[in-house]
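The structure appears below as structure tokens.
The values are calculated or read from the model by the stated rules, or taken from the named source; none is laboratory data. What you see is a predicted model, and the numbers here were worked out from it, not measured in a lab. Neighbour counts run over all protein chains shown; Cβ positions are idealised from the backbone, glycine included. Note: accessible area is taken over every heavy atom of the protein model, side chains too, but ligands, DNA and RNA are not part of it. Shrake-Rupley method; radii C 1.70, N 1.55, O 1.52, S 1.80 Å.
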Amino acid sequence: MDKSIPLSNVEVDTLFLVVPKIKPSCGPLFFTRSLEKAVGNVTANGSFGLVDTGEKKLLVTCWHVLEEFRNQLCDESDLKICACLAQSKNPVVLDLKNLIDEDRRFDLATFDMEPMLSVCEGRVFFPLNCEHIHLVKKGNRLAFVGYPAMHRSETDDGIYFGTTPHVVVAQDVSDYALIAETSRVMNVERKLLSEQHENPYGGVSGSPCFLVQKNLLVHLVAFVTEHHKGLQILKFTSAKCLNPDGTIKR
């Protein structure tokens, strides 16, 4: 049975129409030893989503991203975690004092963005009704924009991130998790991602994931949390685990 359907020409066209709707609510974050020079100082990167629950404006990323930052911080006390909150401005330090909640099981962490709204130029906090997350069914199309490390580059002028839009098919759906198979996922040039790079999904953790309906309406339904290279599957945590105040359901 075909577990993953490559992008058709129609779907490629759809992707180009969907990406402008979701990209302003996504962005990269990274760990750096220096706020002055990127070359040789960036140790890792991930992704984040910006969400408006009506009660809180949140930055959502993965728990394991924060855990990796803390592990590296033990060896490098000057390490900072930075987020690219405005394309026309420098990245800003993500202060852990603004951390609202984190959960290892769901692999999510949430930050209060109220203190940083002034630096979110050009970004959109995607609306999310935590009590009414759209139902995802097996076979539904899911779209997300990631910031994989393979497209990251550092120069004397700064750090640059390339984006990669994806459309995957929901294969397994439970109350708080989604799974999509990736072995046959293609890029817009109709080349298998798995054949283009050893780890094409490294760095996309934390990306918000959207259900794409036939009329091209998009609904935030989950966040990318893990890529299992051996099984070639992507795992997502459902947005149903978020509370309107930014805490995570237990």
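Just a few scattered comments:
- Dipole of the range 80-181 [Lys/Arg +1, Asp/Glu -1 at C-beta], most positive-end residue of P91, L108, N129: N129
- Averaging 1/r over each pair of different alpha-carbon atoms in the range 100-165 and inverting the result gives 16.0 Å, the Kirkwood hydrodynamic radius.
- Taking the helices alone, the chain has a mean residue ellipticity at 222 nm of -3500 deg cm²/dmol, built from -39,500 (n - 2.57) per DSSP H run of at least 4 residues and averaged over all its residues.
- Summing Cβ point charges (Lys, Arg +1; Asp, Glu -1) relative to the Cα centre of the chain gives a dipole of roughly 680 debye.
- A 1.4 Å probe over all protein chains sorts L117, L242 by accessible area into L117, L242, starting with the largest.
- The alpha-carbon positions of the chain define a convex hull whose volume is 131 Å³ per residue.
- Here the simple spin-label model places points 7 Å from the Cα toward Cβ, and for D175 and K214 these points are separated by 3.2 nm.
- The Kirkwood hydrodynamic radius of the range 63-190, based on inverse pair distances between different Cα atoms, is 17.8 Å.
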